[in-house]
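In what follows, a structure is listed as C-alpha cells, so that the remarks can point back to it.
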Amino acid sequence: MPAQGKHRRSQSTSLRRGLAAVTAGGAVLALPVIGATSAFAAPAPQQAVAPASVSAQVNSAVQAAPAQHSVAAGETLSKIAREYSVSGGWEKLYEGNRKIVGENPDLIHPGIKLTLGTKAEAPSGDEAGKAAKASPSAARGAEADRADRSERINAAPVAKAAPAAEKAVTYTNDLDGWIKESLAVMAEQGIPGTYEGIHRNIMRESSGNPAAINNWDSNAVKGTPSKGLLQVIDPTFQAYHVPGTSTDSYDPVANITAACNYAADRYGSIDNVFGAY
C-alpha cells in the first residue's frame, strides 16, 4: 500500500485571546490574556486610570457632609469636643455652632444638633422651641450640670474681704465735744441723761470751766472741795467713776459721766437736777 504521506503543520501558533474584566472604581479595562500555547511572555498589565467621573465620586466621598451630634441631657461643649476630638476644642465647636447655641456657651439645650467641623445654620423658631421643650427632665438635668460646673469653677477658696473698720468718732476738745463724748459712754453703760440736762447743770455749777474748784463751801471746809465741770467731790467721783474714763476728777468726760451716774442713782437722771445736788 502506498506510504502514508506526512504533512507538516505550520508552526504559527494561534493565540487564544479572551477578555478579563478588571474593575477599578467602576472603570472596566480590557486586558489581553495570552494562551498557554504562546511562546511569548505576557506584557505587564497597565495601571487602570479612573475616568473623571470616578475621581469626582471619590472627591465627593472625601468631602462628605460633616457629622452632626444631637445634644443629650447633661452634655457640655467641652465634653462633646473631647469625645469627637474637635480641633480647637470647645471654643471651635462653639464658634461653628454659635447661631444654634446662642450667646451662652454653657447653655445648650438637649435635642439641638451640633455640626462638627463647619458652621451650623440657626434653627427655625419652631425647631428651637421643640428642642427647648423636648424633655423637661432633660432640661433639669442640663441645669443641674451647669450648676455643678459653676460650683467647680467657684470651688477655689476666695478670701473674704475684711469688713470695713468702723470709722472712729472724734470729738472736739470743747464743751460741746465733752458732753457728746460723755453721752456716748453713758449710752454704753446704760446711764440716763440728755445733752440739754447736762449742759444746763454745767453752766450753773462751773460756767463750762473744767478746772473750776470751790474752796469756800462746807465741802471745802471738810477738805473735799467740789471740782470740775459738774463740781464733784473726790469721794463721790471715786464711788461713781465710770470704767473706761480717766481717773482724774478734773478730766471733763470723766467728771461729767461720774456726776451723771451719781445723779441717776439719787435723782433718776441728771435731767431731774435743777439746783445744788
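Only the coordinates and a few stated rules stand behind these numbers; no lab work does. Because the structure is a prediction, the values reported are computed rather than measured. Please note: Cβ atoms are built from the backbone with ideal geometry, for glycine as well, and neighbour counts cover all protein chains shown.
Segment Asn215..Lys79, full-extension length gain: 39.7 nm, with 0.36 nm per residue of separation and the alpha-carbon distance subtracted. In this structure the amide hydrogen of Val232, modeled in the peptide plane, comes within under 5 Å of the amide hydrogens of Lys227, none closer than 5 places in sequence on its chain.
Close amide H contacts of Asn97 (hydrogens built in the peptide plane, cut-off under 5 Å, sequence separation of 5 or more or a different chain): Ala120.
Subtracting the Cα-Cα distance of Tyr267 and Arg200 from their residue separation scaled by 0.36 nm leaves 22.6 nm.
Note on Ala72 and Glu188: the model spin-label points, each 7 Å out from Cα along the C-beta direction, lie 6.7 nm apart. For region 100-116, 3J(HN,Hα) computed residue by residue from phi via the Karplus equation (6.51, -1.76, 1.60; θ = phi - 60°) reads 8, 7, x, 7, 10, x, 7, 10, 10, 7, x, x, 6, 9, 9, 8, 9 Hz, glycine and proline entered as x.
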